[in-house]
Amino acid sequence: MMASLLSFGVTGVNGYQVHVEVFGTESMPGIEIIGLPDASVKESKDRVNAAIINSGKQMNPRRITVNLAPADTKKEGPCFDLPIAVGMMIADGILIPDPPTDLKSVALFGELSLDGSVQPINGALPMVISAKENGISTVILPEKNACEVSCIQDIRILPVSHLRQVIAWFEGKMELAEQKQVSFEALKNEAVPVVDMAQIKGQKGARRAVEVAAAGGHNMLMIGVPGSGKTMLARCIPGILPPMTFEESLETTRIHSICGKLQAGKGLMVNRPFCAPHHNASVASLIGGGQDAKPGEVSLAHNGVLFLDELPEFSRSALEALRQPLEDGIVSVARVRRQAQYQSSFMLVAAMNPCPCGFYGSNRRTCRCTPPEIRRYLDRVSGPLLDRIDLQIEVDSVPINEINDSEPSESSAVVAARVRKAREIQLKRYEGTGKYCNAQLTNAEVKQFCTPDAEGTALLNAAVDSLHLSMRAYQRILKVARTIADLAGEETISSAHIAEAVQYRELDQKYWR
């Protein structure tokens, strides 16, 4: 007897349809899985056999062949356990759908435990999206994956916790409760900033720079003594960025879903991601890679913030690998077994000390490093990478009188309102171009949208000559000036906006030249 069911796998961040074909013959008993399965798929025959027995069914001694089509695509992971189990029982004749079910309209995926319980899998969201795009009307998946797909409309989601439920549903003995759909707006109401800017004392200049960076989506570098608040400032940024749109949330959640990074019981991600890898991170962990070309930290930070603390402590190869995703917003990962492209449009926020001891240039403590030690330390950060960082600011210790000041600082909600207003101006300006913030502008678009007035042009030309700035730095100063003008609600970029933008490039001269 023959049975054919539908399931889905994941390649990159997209799902693809898999036909699970099961054929049983009167021959030497055994189970054979073909169709380019990996080790975890091959092992499913033992999991499935035990799960069927522990669900109250007994397979007849037959030769079972399971084919996963298309046969030229590598099948990975335990997500095919559930359709294989159902297909085996139908092919064996111990499960007869009643009423007869159109198996072409139902997709199943889930991992089975030996006792028959259905375990969660990675990549449920891209699988369900792909199922909807392929015209599938019903999806049966693990109960613990139901929340992450609850925002997908126009498709019936049936969560299950045990194989017995699936058997009873096919036999017409039980109705499975549909997953309640949740609107994206309801999820957004639950978003709260992790770190509020009201907790930061002093640092008016740094707070202003953080606001400018968030308003335009610009990359940022903070240089300062230990304990000056660089990390806390960075952690405030997701809370002042504009709320994610539904499309951005889908993009981000898909990446986290295939990596197994989603919190259990949570729906689509509504808080912008904040990724802070340790400085011993390898190139593959940052950019993506491994045998299966999985996403790295730059993709997990898509639509959010990638924070690199102790920037010079990262390996030179890891930092240089950031240059391509910073420019393109997409990272290409090529391995022998797989090639994949992942979105990586993120804000790079980096922090570092000015020297090995951390107190070079401090007003409060004397640096004990020699000039050669300081030079070697700073030279770990290359010029091309610095050129791609729009704002470079210095952060010093906060005076004790400001720490003890009882007057509350501006909260993230107040700053976020100004940032959101500036972003709305940018969205309206770039409508139809596919851009949503100033940092994304191409050189041609900079010339079109970021032309300063006569005084601003003269000031910028003088700054480029005196600071020996590159063409890339010139373009980025114009983008930052455009953002400063948007925050001020002004259409024209004036000399005051240019002057502030140039100030954010002066540390390059102080420390590296």
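The values are calculated or read from the model by the stated rules, or taken from the named source; none is laboratory data. It should be emphasised that the depicted structure is a prediction, and the values quoted were computed from it without experimental measurement. Quick reminder, even Gly has a Cβ in these numbers, built from the backbone with ideal geometry, and neighbours come from all protein chains shown.
Data for the structure
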{"quantity": "Output for the stretch 409-465, where each listed residue is assigned to a loop (DSSP other than H, G, I, E, B), touching a Leu at 6+ places or on another chain (Cβ under 8 Å) and either within 18 Å of E327 (Cα to Cα) or modelled with pLDDT under 90 (or both)", "calculated": "K435, Y436"}
{"quantity": "Criterion: in contact with a helix residue (DSSP H, G or I) (Cβ under 7 Å, 6 or more places away or on another chain), farther than 30 Å from L5 by Cα, modelled with pLDDT of 90 or more and crowded, with 24+ Cβ neighbours inside 10 Å - qualifying residue of I255, I240", "calculated": "I240"}
{"quantity": "Boolean, G15 is crowded, with 20+ Cβ neighbours inside 10 Å, within 24 Å of A340 (Cβ to Cβ) and either in contact with a helix residue (DSSP H, G or I) (Cβ under 6 Å, 6 or more places away or on another chain) or in the same structural domain as M127 (by TED's automatic domain parsing) (or both)", "calculated": "yes"}
{"quantity": "Hits in the stretch 206-232 (condition: farther than 18 Å from S412 by Cβ and among the β-branched types (V, I, T))", "calculated": "I223, V225"}
{"quantity": "Listing of strands (runs of 3 or more DSSP E) fully contained in the stretch 288-394 that carry 2 or more residues being modelled with pLDDT of 90 or more", "calculated": "305-308, 347-352"}
{"quantity": "Residue in the stretch 104-126 that is over 28 Å from K294 (Cα atoms), modelled with pLDDT under 90 and of a type outside the set (K, R) present", "calculated": "yes"}
{"quantity": "Residue match in the stretch 42-54 (condition: modelled with pLDDT of 90 or more, surrounded by 15 or more Cβ atoms within 10 Å (Cβ to Cβ), in contact with a Phe, Trp or Tyr (Cβ under 8 Å, 6 or more places away or on another chain) and in the same structural domain as K104 (by TED's automatic domain parsing))", "calculated": "yes"}
{"quantity": "Selection count where residues are out of contact with any strand residue (DSSP E or B) (no Cβ under 7 Å at 6 or more places or on another chain) and modelled with pLDDT of 90 or more, scope the stretch 175-209", "calculated": "4"}
{"quantity": "Residues that are in contact with a Phe, Trp or Tyr (Cβ under 6 Å, 6 or more places away or on another chain) and more than 17 Å from A301 (Cβ to Cβ), drawn from the stretch 319-354", "calculated": "P354"}
{"quantity": "Selection within the stretch 296-354 - of a type in the set (F, W, Y) and under 23 Å from E251 (Cα atoms)", "calculated": "F307, Y342, F346"}
{"quantity": "Residue pairs meeting the criteria (Cβ under 7 Å; at least 6 apart or on separate chains; first without any contact (Cβ under 8 Å) to a residue 24 or more places away in the chain and in the same structural domain as I121 (by TED's automatic domain parsing), in the stretch 159-180; second outside any loop (DSSP other than H, G, I, E, B) and acidic (D, E))", "calculated": "P159/E143"}
{"quantity": "Selection status of K201, among the charged types (D, E, K, R) and under 25 Å from Q181 (Cα atoms)", "calculated": "no"}
{"quantity": "Residues (part of a helix (DSSP H, G or I) and within 11 Å of I31 (Cα to Cα)) located in the stretch 47-77", "calculated": "V48, N49"}
{"quantity": "Unique match (being at pLDDT below 90, more than 11 Å from L5 (Cβ to Cβ) and buried (at least 17 other Cβ atoms within 10 Å of the Cβ)) among G93, G77", "calculated": "G77"}
{"quantity": "Filter pass, N461 being within 23 Å of V419 (Cα to Cα) and either outside the structural domain of D379 (by TED's automatic domain parsing) or in contact with a Phe, Trp or Tyr (Cβ under 8 Å, 6 or more places away or on another chain) (or both)", "calculated": "no"}
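Every residue, every condition in (1) part of a loop (DSSP other than H, G, I, E, B); (2) polar (S, T, N, Q); (3) in contact with a Lys or Arg (Cβ under 9 Å, 6 or more places away or on another chain); (4) closer than 20 Å to V13 by Cβ, yes or no:
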site: L82; (1), (2), (3), (4): no, no, no, no
site: A85; (1), (2), (3), (4): no, no, yes, no
site: A91; (1), (2), (3), (4): no, no, yes, no
site: L95; (1), (2), (3), (4): yes, no, yes, no
site: P99; (1), (2), (3), (4): yes, no, no, no
site: M127; (1), (2), (3), (4): no, no, no, yes
site: I140; (1), (2), (3), (4): no, no, no, no
site: I167; (1), (2), (3), (4): no, no, yes, no
site: V182; (1), (2), (3), (4): yes, no, no, no
